[in-house]
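The values are calculated or read from the model by the stated rules, or taken from the named source; none is laboratory data. Keep in mind that what you see is a predicted model, and the values were worked out from it rather than measured. When we count neighbours, we look across all protein chains shown, and the Cβ atoms used for this are built from the backbone with ideal geometry, even at glycine. The area values use the complete protein model at the heavy-atom level, side chains included, leaving out ligands, DNA and RNA. Shrake-Rupley method; radii C 1.70, N 1.55, O 1.52, S 1.80 Å.
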Amino acid sequence: MDLLNTLVEKGLRRELPTREEALAVLATSDDDLLDVVAAAGKVRRQWFGRRVKLNYLVNLKSGLCPEDCSYCSQRLGSTAGILKYTWLKPDEASAAAAAGVAGGAKRVCLVASGRGPTDRDVERVGKTIAAIKEQNEGVEVCACLGLLSDGQAERLKEAGADAYNHNLNTSEGTYGEITTTHTYADRVDTVEKAHAAGLSACSGLIAGMGESDEDLVDVVFALRELDSDSVPVNFLIPFEGTPLAKEWNLTPQRCLRILAMVRFVCPDVEVRIAGGREVHLRTMQPLALHIANSIFLGDYLTSEGQAGKADLEMIADAGFEVEGAGTTTLPRHRVDALAAAGAAAGGCGSHAEAGGGCGPCGGHAEVPAAAATAVPASPSEARTDLVAVRRRGAGTDLAPNA
């Protein structure tokens, strides 16, 4: 297929596809799905080989959030029966993190519900980061605390944080339909603050909220422009008790096409299969490893994931290997760009060599007529049996899933 050949060539050069090409990936037929996966796999292997990075979530503070994000089980007004607790102490969070590191995780993601941290919260998280790094040599720590105020990203960096996560989630045009208590611009501002402070910017999306193909392409192009080093791709977990509980719009094939589109648009970044992979990819998860180079190990914030042991077996059976602590995840050009990020506030340095910054560049491939008119697969049957509220790990007396 000319489209896929062109996308591979562009991906190997770190060149941005056109919007038409990205949309065409989402419109490919199921008959062409394995070709799409194989093409995205060539780009993935160019930049990341056959390594899979493991990340581990620690929910520092669960529930009780004043924001109204429609997708979230911790939102204001949610009746989902999730765990609710206030801040874990540094030693509790460190013990939870240690379980993930012992299971093979290279990065620990510290998450707290809420609009954003107070300065006291930043100090508290700083102590937690210190406790984790003292007990787990070489571990990366990513903080995810909501919207940042001026100076907070710098303080997190000084405390030892390596990265900051704040997802854009959906396109700017539809963001107001998902959340009303803050704006898309607020989220962009926080990612830029993290980047300017020299933190590795981690920002991604949630698919399956009823968005259009155009919305998906818009948000992924925006992530490319923000120069995120890591792009988590979440698939909506439709929790009962949230406004999006009835949104079952994804099939495994659709999820694979979305991941492939992200890989083609962001060829040299850490693409992570995040929340909802078990619910929507199901038995197709191993195929997704040919596109993404990173996953979360074990459970998520408020839902239970696949058993950690099963994650490791899946990676090995698919012919991949867990990325070791001594291996640098990102390609050298991105590592160098991150080191210079403090002096290039919000810039797109790592793409400067790709033929004209972050805008569309280079040869426009012809979009096959069949791809442009393909009919999307029918939505999945609601699999509420696969949505399990987390009852173990952080905030409980039970051992975590790692």
Taking the range 129-144, which residues are part of a helix (DSSP H, G or I) and buried (at least 18 other Cβ atoms within 10 Å of the Cβ)? Ile129, Ala131, Ile132, Lys133
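In the range 214-242, what residues are in a loop (DSSP other than H, G, I, E, B) and either under 16 Å from the mean Cα position of the chain (by Cα) or over 29 Å from Ser78 (Cα atoms) (or both)? Quick ask: steps written out before the conclusion?
Going through the range 214-242, the residues in a loop (DSSP other than H, G, I, E, B) turn out to be 227-229, 236-242.
Those that are in a loop (DSSP other than H, G, I, E, B) and either under 16 Å from the mean Cα position of the chain (by Cα) or over 29 Å from Ser78 (Cα atoms) (or both): Asp227, Ser228, Asp229, Leu236, Ile237.
I'd like the full set of residues that are over 20 Å from Asp215 (Cβ atoms) and open to solvent by less than 10 Å² (accessible area, probe 1.4 Å), limited to the range 248-268. Steps first, answer last, please.
Our first condition is that a residue be over 20 Å from Asp215 (Cβ atoms); within the range 248-268, this holds for 252, 267-268.
If the condition is that a residue be over 20 Å from Asp215 (Cβ atoms) and open to solvent by less than 10 Å² (accessible area, probe 1.4 Å), then Pro267, Asp268 are the ones that fit.
Among the residues of the range 145-173 satisfying the criterion of being assigned to a loop (DSSP other than H, G, I, E, B) and on the phi > 0 side of the Ramachandran plot, which is surrounded by the most Cβ atoms within 10 Å (Cβ to Cβ)? Even if it seems obvious, please write down each step before you answer.
Going residue by residue through the range 145-173, those that are assigned to a loop (DSSP other than H, G, I, E, B) are 145-151, 159-162, 166-168, 170-171.
With on the phi > 0 side of the Ramachandran plot added as a condition, the list becomes 146, 151, 160.
Numbers: Gly146: 20, Gly151: 12, Gly160: 15.
Result: Gly146.
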Just need a number here: residues in the range 54-69 that are in a loop (DSSP other than H, G, I, E, B) and crowded, with 19+ Cβ neighbours inside 10 Å. 3
Of those in the range 328-348 that are over 20 Å from the mean Cα position of the chain (by Cα) and of a type outside the set (A, V, I, L, M), the residue modelled with the lowest pLDDT is Gly347
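Residues to consider are Ala201, Ala194, Ala245; find the one that is surrounded by 24 or more Cβ atoms within 10 Å (Cβ to Cβ), among the small types (Gly, Ala, Ser) and not in a helix (DSSP H, G or I). Lay out the reasoning, then the answer.
Numbers: Ala194 fails: not in a helix (DSSP H, G or I); Ala245 fails: surrounded by 24 or more Cβ atoms within 10 Å (Cβ to Cβ).
Just a single option satisfies the conditions, and that option is Ala201.
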